[in-house]
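> Take a look at the following structure, please.
Just so it is clear, none of the values below were taken in a lab; they were calculated from the coordinates. From a predicted model like this one, the values you see are computed outputs, not experimental measurements. Backbone-built Cβ (ideal geometry, glycine too); neighbour counts: all protein chains shown.
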Number of protein chains: 2
Amino acid sequence: MRSTQRDVGPKSVLGRAFALLGCFTVADAELSLAEMSARTGIPKATVHRLVGQLAEWGAVEQTPAGVRLGMRLFELGQLAPRHRDLRESALPHMEDLLQATAHTVHLAVLDGTEVVYLEKLTGRGGPPLPSRVGGRMPAHCTGVGKALLAFSPTATVAEVAGSELVRRTPHTVTTPAALTRELADIRRSGFAYDREESTPGVVCVACPVLGTTGDVVAAISISGWSNRLDTGRVASAVRTATLSISRQLGAGRSAGPRPPSGGTASASPSRVLR
Amino acid sequence: MRSTQRDVGPKSVLGRAFALLGCFTVADAELSLAEMSARTGIPKATVHRLVGQLAEWGAVEQTPAGVRLGMRLFELGQLAPRHRDLRESALPHMEDLLQATAHTVHLAVLDGTEVVYLEKLTGRGGPPLPSRVGGRMPAHCTGVGKALLAFSPTATVAEVAGSELVRRTPHTVTTPAALTRELADIRRSGFAYDREESTPGVVCVACPVLGTTGDVVAAISISGWSNRLDTGRVASAVRTATLSISRQLGAGRSAGPRPPSGGTASASPSRVLR
């Protein structure tokens, strides 16, 4: 509706290019140049020129209807080492869990106050879940998130506890005190549960994966309908898989597992997890 | 060893940024700024500045030893729609194939003269394969590549047949005439085989996946040791899975499948594949 467009977007070329790439979402897989300009505040002529350069490299593909993210980004993203090493080590064990339990299996890492899903194998007849490979969820309401937080440094936990603990269901833990209490329980037992805290009707059990230095690097979970998945029965399967992956990643091969730095944890990962 | 560095790399900011991102490989997951400068010909001071900007956005992560590709690229790459839709539709059927046959299952698309692997589920005790999610292989020597080529437009086939058909094993098809003959066979039967053509001792059977317009969009294969995998026995399982995925993608829902444009194919995908 604006007759003249104000140039309000980022100013550096790279900043603008990333702003354009950041326009795309699952729902908006294809956008017109006008839409990209409107979303970023970058003048349309500049959008046109930058999209041309991005397309040259394969970061975007031009289609009759507009622009979409390109295959080259997928290829490059697969080279990100944090993802690749974890996925390669974890996937065979995730396949075992799917076969043994027939429930949905997730692999996730912590990034800020959120988890990022690196892999997902979907059980037959399981609930439709909001998770997606490459997608994010708040850490405080997911099994994988709480398994990761329980063995993370105190500063990481403080960042999450100090952020807004969004209520996603009536069961979501939304106070720092309740979250801190639950993380202490998880440190003692080694198991994190999501009891309909992220999606109504869906439960989950998760365990941490340790890396070469004994630090927590990822978490694996099994999810299902609350009336069909007995989390207590599959918990030991999840732990068995995460112990195997941790061993494969070399946890404990170095100087040995470290407790969460500066933490008040009653148990270090080493004592609980092996 | 050079005392003065010549500025020989790409000149545009975006071109330079992509050249830096393109430095990383599976073997070189972490690089120093000096190494990145040497590989791209971009002066070290510029590398330093651009890496800072790339890190700000999460495209790279700075580590004590240097620089590595970042999680944000993985997340963005997962949004590339061609990959995402195919993977979501195909993965449950790939899990079925793995469970039914216990052999390694691949999902791949064609890009130029190469295939790009979108997904890989590894069978227990299977051969170590050079394939990797996000990795590439020449199309002419792989089952998925030949399944894709057989139902691709004539121009695509001509591009591959006209390129160097690299010999990877004594069994690799390396002449345009032999490749063209084999693609005609695949169009008739609907099955593509790799008989130790990409890796010695490894065989594979592949079938095409059709998209909404009836065009070939991907291929699925089963691979294994030549003395353990009877490709004839699992071929119908692969076709069953690819027919299911094609139906799910909506093949034939539109105006109907199209034969390879301008092709001399004796059968269109529609006649062979349903």
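> Report the label-to-label distance for A:LYS11 and A:ALA38 in nanometres (one decimal), using points 7 Å from each Cα along the Cα→Cβ vector.
About 2.8 nm separates the two model spin labels.
> Where in the range B:160-257 are there GluC sites (Glu not before Pro) that are in a DSSP coil and have at most 15 other Cβ atoms within 10 angstrom of their Cβ?
Answer by residue number: B:GLU164.
> Under the definition of partner shielding as Cβ atoms of other protein chains within 10 Å of a residue Cβ, what is the mean value for peptide A:63-71?
What the average comes to for A:63-71 is 3.
> With a point put 7 Å past each Cα toward its Cβ, work out how far B:ASP85 is from B:ALA177 in nm, to one decimal.
Result for the modelled spin labels: 4.1 nm.
> Continuing with the same structure: Compute the signed sum of charges (Lys and Arg +1, Asp and Glu -1) over the other residues within less than 15 Å, Cβ to Cβ, of B:THR101.
Around B:THR101, the surrounding residues sum to +1.
> Toward the positive end of the charge dipole of the protein assembly as shown, about the Cα centre and with charges on Cβ (Lys, Arg +1; Asp, Glu -1), which of A:VAL144, A:ALA158, A:LEU98 goes farthest?
A:ALA158
> Apply 1/(1 + (r/R0)^6) to the Cβ-Cβ distance of A:VAL26 and B:ASP185, taking R0 = 45 Å, and write down the FRET efficiency to the nearest 0.05.
Computed FRET efficiency for A:VAL26 and B:ASP185 comes out at 0.65.
> Return B:VAL234, B:VAL209 ranked ascending by Cβ neighbour count within 10 Å, so the fewest neighbours appear first.
Lowest count first: B:VAL234, B:VAL209.
> Among A:VAL216, B:VAL238, B:VAL109, which comes first, then next, by fewest other beta-carbon atoms within 10 Å?
Result, fewest neighbours first: B:VAL109, A:VAL216, B:VAL238.
> Another one. Total Lys pairs in the protein assembly as shown closer than 25 Å by alpha-carbon, pairs eight or more apart in sequence or interchain only?
8
> Work from the charge dipole of the protein assembly as shown (Cβ charges, +1 for Lys and Arg, -1 for Asp and Glu, about the Cα centre) and give the residue of B:ALA206, B:LEU76, B:VAL116 farthest towards its positive end.
Highest projection toward the positive end goes to B:LEU76.
> Right, here's the next one. If contacts are Cα pairs under 8 angstrom and at least 6 residues apart, what is the relative contact order of chain A in percent?
So the answer I get is 14 percent.
> Among B:ALA55, B:SER89, B:MET36, which residue has its Cα positioned farthest towards the positive end of the charge dipole of the range B:1-118, with +1 placed on the Cβ of Lys and Arg, -1 on the Cβ of Asp and Glu, and the dipole taken about the Cα centre?
Farthest towards the positive pole: B:MET36.
> If you line up the long axis of helix A:44-57 against the longest principal axis of chain A, both from Cα atoms, how many degrees apart are they, to the nearest 10?
Compared with the principal axis, the helix lies near 60 degrees.
> Which of A:LEU249, B:LEU149, A:LEU54 has the fewest other C-beta atoms within 10 Å, and how do the rest follow up to the most?
So the residues, fewest neighbours to most, are A:LEU249, A:LEU54, B:LEU149.
> Let me know the charge dipole size of the protein assembly as shown about its Cα centre in debye, to the nearest 20, where only the beta-carbon of Lys, Arg (+1) and Asp, Glu (-1) is charged.
100
> Could I ask something else about it? Placing unit charges on C-beta atoms (Lys and Arg positive, Asp and Glu negative, everything else neutral), compute the dipole magnitude of chain B about its Cα centre in debye, rounded to 20.
That gives a dipole near 280 debye.
> Taking loop as defined by DSSP and a crowding limit of 14 other beta carbons within 10 Å, which trypsin sites (Lys or Arg not before Pro) in the range A:129-190 fit?
Hits after loop and neighbour filter: A:ARG167.
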